[in-house]
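Please read the structure below before turning to the comments.
The numbers here are math on the coordinates, done by the rules we state, and not lab data. On a predicted model such as this, the values are computed, not experimentally measured, just so you know. Backbone-built Cβ (ideal geometry, glycine too); neighbour counts: all protein chains shown.
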Amino acid sequence: MRKNLFLCIVTEVQEHDNFFFQKKDDVGKPGLSTIQKITAAFRMLAYGTSADNCDEYIRIGESTVIQCLKRFCRAIVQLYKDEYLRSPNANDVTRLLQKGEERGFPGMLGSLDCMHWQWKNCPTAWADQYSERHGGPTIILEAVASYDLWI
């Protein structure tokens, strides 16, 4: 993720929820920074790390990491649901169809992409169902995306 996009998300989440502001304890010692709290939430979402793993890397307690994740997800949904977390409307569809036609693909909204992703934390009982010739278990990820990643 680009740094300016990350900092934009940090600013908007911080303005939305006061939990993410850095506070001082009773002695006046500064608590966790906004960046620490949001980075912990990002790491859990992006890498599938456990809350206690963030404790070792970012120096945040397990219960605090879980609280950061819950509040971060709530903030993201509330901030971006009207623009990004919705189905395409008529204007979006028209714009995407027009762009597809300009590129020589009339009637196309986006493109479909698939990849095999190795599932390192696959439950042992499921491993045989998701294994292929190449070795360990994999999941097929499918994504539909427009030229500008809007959908």
Hits in the range 51-83 - residues which are without any contact (Cβ under 8 Å) to a residue 12 or more places away in the chain and either β-branched (Val, Ile, Thr) or not in a helix (DSSP H, G or I) (or both): GLY61, VAL77, LYS81, ASP82, GLU83
Condition check for TYR84: within 16 Å of the chain's Cα centre (by Cα), hydroxyl-bearing (Ser, Thr, Tyr) and farther than 27 Å from ILE139 by Cα: no
